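Data block below; observations after.
Each value in this text was obtained by applying a stated rule to the coordinates, not by laboratory testing. Just so we're clear, the structure is a prediction, and the values are computed from it rather than from any experiment. Cβ coordinates were reconstructed from backbone atoms using ideal geometry, including for glycine residues, and neighbour counts include every protein chain displayed.
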Amino acid sequence: MPKEKSNDPSLLHDSTQFPTRLGCQGCPDLKFCGGLAVKKAMFDCTTLCTCTPSQREKCELACPLNPSKLVTRFREIGGWDLVIPPARFLPTPKLPSMVPLIKDGARRRAAYRGRAVGIRLESLFSKRNGAPRFKSRTELCDRYRLSVDTPLLINGIHIDQPLERYWDKGRAANLAEHISALKPDLMTVPNFSLFTDVPRHENMYNMRRIVTSWYELVECNVPCALHLNARTDHDWTRWIAFLGEHPEITAVAFEFTTGAAGRRGKWYCRQLLKVASASMRPLTLVLRGGSRYLRRLAREFEQVVFVYAKPYVATMNRQSFVWAPGQPLEWESTPTAPEDPLDSLFAHNVSVAEQMVASRIGMRIDSTPLPL
């Protein structure tokens with residue numbers, strides 16, 4: 001995910017203020033990396049390796065100071081480039097501007113009929129061996145108490161550990177084929193991290209894993225939004241070039257909920273606007289976080305889909321959303337008896353969240369609640 005593993009602002013790339021590090025000039029991988037321009041004093045990105053010689057044998061990062069692991073990672077992904085064959089074209093569906101992200105079907109009795117709903121990728125497979133937990137869309141909807149005709153978005157944005165399980169165990173268990181059997185309307189590709197306090201080869205490794213995951217899923221007939229993770233301007237240039245080489249891509253995803261929501265939020269927003277401008281075709285943008293940028297981004301993208309966990313979280317905490325145009329979202333306590341269902345409260349919170357997001361984007365929606 002686009003967060004700073006370290007909170008050190010001197011590690012943030014800024015080519016407008018700092019020169020490229022001297023050691024970058026002779027690096028054989030400069031054409032993929034583009035070099036680092038940071039405030040922190042360093043010769044090249046290997047300065048960011050903090051392992052002792054004895055620790056490097058156990059370190060899992062793609063690091064030039066650990067040649068055996070670097071070669072293993074390089075062979076695992078087939079190189080640092082983003083060159084892959086053309087994938088099949090899967091059109092991106094029209095989705096609402098707000099999609100509630102739910103964890104389960106707890107405390108609801110009826111099958112939820114909504115404009116769309118999101119579930120987490122990690123909930124679809126076993127953490128132990130990568131085996132799928134659901135054989136069909138019907139089985140999944142029964143577990144989550146969803147109507148089978150409610151559009152389904154699978155959210156691949158998560159912390160790193162579940163993503164590593166997907167890459168290792170999930171792919172080994174042919175999870176992409178099982179996800180296809182669930183017939184999701186859209187899935188966001190896992191957001192493998194581009195941290196700022198690691199050697200750049202780890203970043204390039206994860207960019208390639210994002211591309212590989214996207215290709216594998218699409219080839220299994222899973223409509224996907226390509227996740228855009230980037231640490232430098234050159235990373236964004238590479239993503240723009242990749243989108244240009246693959247016109248079959250009609251949806252991208254980004255996450256503002258961690259480091260990108262802080263000091264780098266405006267920078268990320270500008271880069272996303274460049275992506276929209278350079279694509280020369282309609283693109284859907286799936287967002288986690290970054291609600292302050294919704295209106296600006298919605299002007300340039302064909303549609304913006306805001307994946308929002310708060311309606312579910314507030315419902316489970318027995319909280320009711322309160323909102324009016326021009327006002328911040330608030331919530332008030334709504335106590336219930338332990339056995340009382342929360343269907344109506346969840347529907348209310350989703351409805352309010354839809355209106356709030358639509359207001360921030362600058363559009364009108366039908367505020368009539370959908371039947372349960």
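Extension gain for residue 159-residue 71 works out to 29.1 nm (0.36 nm per residue, less the C-alpha to C-alpha distance).
Its Cα centre serving as origin, the chain has a Cβ charge dipole (Lys and Arg +1, Asp and Glu -1) of approximately 260 debye.
Beta bridges assigned by DSSP with both partners in the chain are antiparallel in approximately 15 percent of cases. Projecting the Cα atoms of 62, 316, 267 onto the charge dipole of the chain (Cβ charges, centred on the Cα centre) puts 267 farthest toward the positive pole. Distance from the C-alpha centroid of segment 277-314 to that of segment 193-230: 19 Å, rounded to the whole angstrom. A dipole drawn for segment 100-219 from +1 and -1 charges on Cβ atoms has a positive end, and of 175, 193, 100 the residue lying farthest that way is 100.
Give me 219, 354, 339 sorted ascending by neighbouring Cβ count inside 10 Å, so fewest comes first.
339, 219, 354
Just want the ordering: 227, 246, from fewest to most Cβ atoms lying within 10 Å of their own Cβ.
If I rank by nearby Cβ atoms, fewest first, I get 246, 227.
Helix 67-77 axis versus longest C-alpha principal axis of the chain: approximately 50°, rounded to the nearest ten.
Shown here for segment 1-109: GluC sites (Glu not before Pro) in loop regions (DSSP other than H, G, I, E, B) with at most 16 other Cβ atoms within 10 Å, namely 57, 60. Normalising by the residue count of the chain, find the relative contact order in percent from Cα pairs under 8 Å and 6+ residues apart. Once normalised by length, the contact order is 19 percent. Using only side-chain charges placed at the Cβ, +1 for Lys and Arg and -1 for Asp and Glu, the dipole size of segment 9-77 relative to its Cα centre rounds to 40 debye. Neighbour counts of C-beta atoms inside 10 Å place 218, 313, 304 in the sequence 313, 218, 304, starting with the fewest. Hey, for a label at residue 30 modelled as a point 7 Å past Cα toward Cβ, could you say which residues of segment 196-212 have their backbone N under 17 Å away? Output list for this probe position: 200-201. Which distance in nm do the two modelled labels at residue 126 and residue 219 give, with both placed 7 Å along the Cα-to-Cβ direction? Spacing of the two 7 Å Cα→Cβ label points: 2.6 nm.
Got a sec? Charge dipole of the chain, +1 on Cβ for Lys and Arg, -1 for Asp and Glu; which of 304, 36, 124 is way out at the positive end? Going by the Cα projections, it comes out as 36.
Can you give the net charge of the other residues whose Cβ lies under 13 Å from the Cβ of residue 44, counting K and R as +1 and D and E as -1?
Net charge around residue 44: +2.
How much FRET efficiency would the formula 1/(1 + (r/R0)^6) give for residue 323 and residue 148, where r is the Cβ-Cβ distance and R0 is 25 Å, rounded to 0.05? It comes to 0.25.
R0 = 56 Å: FRET efficiency of residue 56 with residue 89, Cβ-based, nearest 0.05? Efficiency, rounded to the nearest 0.05: 0.80.
Going through the cross-link list 39/274; 103/135; 103/169; 94/183; 31/69; 103/127, which pairs have a Cα-Cα distance over 23 Å in this structure? In this structure, 39/274 exceed 23 Å between Cα atoms.
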